[in-house]
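Peer 1: My questions will all concern the structure given below.
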Amino acid sequence: MSILDIKKLTASVDGKEILHGIDLKINPGEVHAIMGPNGSGKSTLSYVLSGRMGYEITGGDVLLNGESIMELEADERARSGLFLAFQYPVELPGVSGMSFLRASVNSRLRERGEEEVDQLSFVKIVRAESKKLGISDDMLKRAVNVGFSGGEKKRYEILQMALLKPSMAILDETDSGLDVDALKIVSEGVNLLRHPDRSMLVITHYQRLLSHIIPDKVHILSEGRIIKSGDKSLALEVEENGYAGINDAA
Amino acid sequence: MVATVETISAVEEATGKYKYGFVTDIESEKAPKGLNEDIIRFISSKKNEPEWMLNWRLKAYRHWLKMPEPNWSKLSIAPIDYNDIYYYSAPKTVEKISSLDEVDPELLATYEKLGIPLKEQKILSGVAVDAVFDSVSVATTFREELSKAGVIFCPISEAIQNYPELVRKYLSSVVPVSDNYFSALNCAVFTDGSFVYVPKNVRCPMELSTYFRINEQKTGQFERTLIIVEDGGYVSYLEGCTAPQRDENQLHAAVVELVAMKDAEIKYSTVQNWYPGDETGKGGIYNFVTKRGSCRGDRSKISWTQVETGSAITWKYPSCVLKGKNSIGEFYSVAVTNGAQQADTGTKMIHLGEGSKSTIISKGISAGKSQNTYRGLVEINRGAESARNFTQCDSLLIGQSCGAHTVPYIVSRNPSGKIEHEATTSRISEEQLFYCLQRGISEEDAVSLIVNGFCKEVMKELPMEFAVEAQKLIGISLEGSVG
């Protein structure tokens, strides 16, 4: 059974259809990349999947671990194992990082009927994961995303992914705003989280991220449709010929 | 802690949304309804008061009769019939008790339900409690231990009898009898409250707290609190308030006076959770309170921290008169309004002393159809050389139908004074909410998390024991505000 199964998905924003019928299947452990030019519907797809308000599914279905998530609210989808690493992580002034992280982890544990993690052991877990991503103690003490640099925000997203252990992770333009070094750290963090039970959907504009996070499959999204799918070599093709070249071929 | 959590959750299960809305079935002794000189004489004689006290009350009453009700606030208040209120109500059994074992078990159970254990052996956190039920103080804990340190902590009715010279010296020395309509009314009919005296160079060994509970129908609660800290002393005091859920409005008009002498410090915290009325605005407490502190000595400090979540109407401006050289006044406030609640609250910082400093941090959160106003005065007078003030007023709006208003008054009569005022108004953004939801946090928890983050600067000023309770309370007050 695939982890994520998108069937003939159509979706609209403000009454305007943006996605015109997407089909996509991601099997356990696979990493798929969605590439596409600006305005092709990449971010819309990530918001539709994660259930953001205002992003309306108008047709088709989305199955997560075999169950339809169309009727679920955003928080319920998250608790069933769907994770979105934001392109622009949101600042929560005054909200302590530790209490935010713990609230999210505990909500998942509660959902699964497991015991919530206490403060002391949680701090230990967070410190260990943070170390791998080069996140300092000082950063953990600050309010969520407040005063973080672009690179810090992205690392913080990956930290949350590591803590929440989703079965399906969507990475929305995780490479945007990162310099070469930061891109390397973030990619290594993501690679460490590759796991036979975890699938990933990497949304990106550029090929450069995909030379660090090597995908099993690459799909080209254009004007709300997947116009071409292939292996990692498709990303290189885009790099060479641009999206226009792909469009022509299709 | 565990016991407290258990009792709180038990109450939650028992009473539903407003967690403290239950009524205690207890026999009470009441004065006839209405207000006149005979009622005041009745109260005074019930309290066994000396002649001077009665005369003081009568004088206040006669003055009150001539005063107009204030109407300058941004509140719409249904007319109050001052003759349709009971001014004295006491649980029948509490007279002349010598130990907690003699307190009516119903009463003990009530406080237990509220999460306030009065049996000393049950108190783990080391907080001394004075419990005021309707018009009288029913129990004060840890008195012996406090008296060893020289600290007096007792009902004010007792202080009038046992420490008349202290009471006469300080009562109405901060809030004059004729200060305002509600304070004058309080002088005439106040029935109980707490009295604290901290002698020279004594650091009060524990947190002091008073829990106010209105139980009887159509009963007003008029408490009077007086706290005096002598040179170099320190005390931290907390009050909490709850009332049953009733359809009619109930009146609460308290007066609190604080006196800080040279190098003394008073930290006064309030967690106000009176019944706010229902969504349509039916019922709820009218909370008209006068709180003022006098920083009389050099380097004295008074710090007000309030978390206001309850009451149908809140009219309250805890203030500091900064007379001493280099004295410090602080005001930290969180005011949450939801449903049809109205709050008009803020502070007054009156700078008289050289080098006096004040800080005002106010966080207003409005949801539902509520209206939330910050009203504050910063006044730097001629003699207040190099006085400083910093004010920060932030408002957070939840939903489309509520209002937030900021009305600062700034008066500077000394060119060396420095006054800063910052104000912001924001909403919980859909983006912030979605970010939390995407992490699996439910909408209500997300709102509570974001709001508590917004209030953080104020919450950290609360004594540890109460910060957690206050955080939960804010979450509960905003339940159903989104969506």
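Only the coordinates and a few stated rules stand behind these numbers; no lab work does. As the structure is a computational prediction, the values presented were derived from the model and not from experiment. Here the Cβ positions follow ideal geometry from the backbone for every residue, glycine too, while neighbour counts run over all protein chains shown.
Peer 1: With the contact rule set at Cα under 8 Å and sequence spacing of 6 or more, what percent relative contact order holds for chain A?
Peer 2: That works out to 28 percent.
Peer 1: Can you tell me the Rg and Dmax of the protein assembly as shown, counting just the alpha carbons, in angstroms?
Peer 2: 30.5, 103
Peer 1: Same structure, new question: Looking at region A:4-249 from every direction and averaging, what is the projected area of its Cα convex hull in nm²?
Peer 2: 13.0
Peer 1: With a ≥ b ≥ c taken as the square roots of the eigenvalues of the C-alpha gyration tensor of region A:106-212, please select rounded if a/c is under 1.5 and otherwise prolate if a/b is larger than b/c or oblate if it is not?
Peer 2: oblate
Peer 1: Give me the percent relative contact order of region B:353-483, please, defined on Cα pairs under 8 angstrom at least 6 residues apart.
Peer 2: Reported relative contact order: 25 percent.
Peer 1: Could you list A:Asp231, B:Asp81 in order of exposure, starting from the residue whose Cβ has the fewest other Cβ atoms within 10 Å?
Peer 2: Details: A:Asp231 12, B:Asp81 9.
The most exposed by this proxy come first: B:Asp81, A:Asp231.
Peer 1: Tell me the relative contact order for region B:153-234 as a rounded percent, counting alpha carbon contacts under 8 Å between residues six or more apart.
Peer 2: Relative contact order comes out at 39 percent.
Peer 1: Also, quick follow-up: Using the structure shown, select from B:Lys47/B:Lys316; A:Lys132/A:Lys184; A:Lys42/A:Lys232; B:Lys262/B:Lys418; B:Lys301/B:Lys325; B:Lys267/B:Lys316 the pairs with a Cα to Cα distance greater than 20 angstrom.
Peer 2: Checking Cα-Cα distances, B:Lys47/B:Lys316; B:Lys262/B:Lys418 exceed 20 Å.
Peer 1: Multiply the residue separation of B:Lys59 and B:Ser45 by 0.36 nm, subtract the distance between their alpha-carbon atoms, and state the gained length in nm to one decimal. Present the calculation step by step, with values, prior to reporting the outcome.
Peer 2: Details: separation 14, 0.36 × 14 = 5.04 nm, distance 1.63 nm.
Full extension of this stretch gives 3.4 nm more.
Peer 1: I'm a student and want to see the number: the projected area of the Cα convex hull of region B:299-443, averaged over all directions, in nm². Each step should come with its number before you reach the end.
Peer 2: Details: hull surface 37.2 nm².
Spelled out: convex hull of the Cα atoms, projected over all directions, averaged, 9.3 nm².
Peer 1: While we're here: Using a simple charge model, +1 on the beta-carbon of Lys and Arg, -1 on the beta-carbon of Asp and Glu, nothing else, what dipole does the protein assembly as shown show about its Cα centre, in debye to the nearest 20?
Peer 2: 2000
Peer 1: What are the GluC sites (Glu not before Pro) within region A:159-240 that DSSP puts in a loop, where the Cβ has at most 15 other Cβ atoms within 10 Å?
Peer 2: Sparse-neighbourhood loop GluC sites (Glu not before Pro): A:Glu223.
Peer 1: Here's a follow-up. Quick one: which residues, 5 or more positions from B:Val411 or on another chain, have an amide H under 5 Å from its amide H? H modelled 1.01 Å from N in the peptide plane, none for Pro or chain starts.
Peer 2: B:Val378, B:Glu379, B:Ile380
Peer 1: What is the spin-label model distance, in nm, from B:Asp84 to A:Asp216 if the labels are put 7 Å beyond Cα along the C-beta direction?
Peer 2: 7.4
Peer 1: I'd like to know which of A:Leu49, A:Ile69, A:Ile22 lies farthest towards the positive end of the charge dipole of region A:1-73, counting +1 on Cβ of Lys and Arg and -1 on Cβ of Asp and Glu.
Peer 2: A:Ile22
Peer 1: How large is the dipole of chain A about the Cα centre if only Lys and Arg carry +1 and Asp and Glu carry -1, each at its Cβ, rounded to the nearest 20 debye?
Peer 2: 480
Peer 1: Now a separate question. Once phi is turned into θ = phi - 60°, what whole-Hz ³J(HN,Hα) does the Karplus curve with 6.51, -1.76 and 1.60 give for every residue of region A:40-50, x standing for Gly and Pro?
Peer 2: 7, x, 4, 5, 4, 4, 5, 6, 5, 5, 8
Peer 1: Using the count of nearby Cβ atoms within 10 Å as a rough guide to exposure, how do B:Ser448, A:Ser121 rank from fewest to most?
Peer 2: A:Ser121, B:Ser448
Peer 1: A further question on this structure: Which loop trypsin sites (Lys or Arg not before Pro) in region A:88-169, with loop taken from DSSP, have no more than 16 other Cβ atoms within 10 angstrom of their Cβ?
Peer 2: A:Arg112, A:Arg142
Peer 1: If you take the charge dipole of region A:4-249 about its Cα centre, with +1 on Lys and Arg Cβ and -1 on Asp and Glu Cβ, which of A:Val95, A:Leu164, A:Phe122 is farthest toward its positive end?
Peer 2: Final value for the positive-end residue is A:Phe122.
Peer 1: About its Cα centre, how strong a charge dipole does region A:9-126 have in debye, to the nearest 20, once Lys and Arg get +1 and Asp and Glu get -1 at the Cβ?
Peer 2: Details: 11 positive and 17 negative charges, 75 e Å.
Value, rounded to 20: 360 debye.
Peer 1: Using 7 Å Cα-to-Cβ label points, what is the A:Ser229/A:Asp137 separation (nm, one decimal)?
Peer 2: Going from the A:Ser229 label point to the A:Asp137 one covers 4.8 nm.
Peer 1: For each of A:Asp197, B:Asp179, count neighbouring Cβ atoms within 10 Å of the residue's Cβ, then give the residues from fewest to most.
Peer 2: A:Asp197, B:Asp179
Peer 1: Can you pull out the GluC sites (Glu not before Pro) in region A:59-90 whose DSSP state is coil and whose Cβ has at most 12 other Cβ atoms within 10 Å? The partial results should precede the final answer.
Peer 2: Values: sites: A:Glu67, A:Glu71, A:Glu73, A:Glu76; in loops: A:Glu71, A:Glu73.
Filter output for region A:59-90: A:Glu71.
Peer 1: On average, how much area does the Cα convex hull of region A:144-186 cover when viewed from any direction, in nm²?
Peer 2: Result: 3.2 nm².
Peer 1: Next question, about the same structure. By how many degrees, 0 to 90 and rounded to 10, does the Cα axis of helix A:180-192 deviate from the longest principal axis of chain A?
Peer 2: Helix A:180-192 sits roughly 80 degrees off the main axis of chain A.
Peer 1: Could you tell me the ratio Rg/Rh of region B:409-464? Both radii from Cα atoms, Rh via Kirkwood.
Peer 2: Result: Rg/Rh = 1.23.
Peer 1: Work out the charge dipole of the protein assembly as shown with +1 on the Cβ of Lys and Arg and -1 on the Cβ of Asp and Glu about the Cα centre, then indicate which of B:Gly193, A:Gly59, B:Val229 is farthest towards its positive end.
Peer 2: B:Val229
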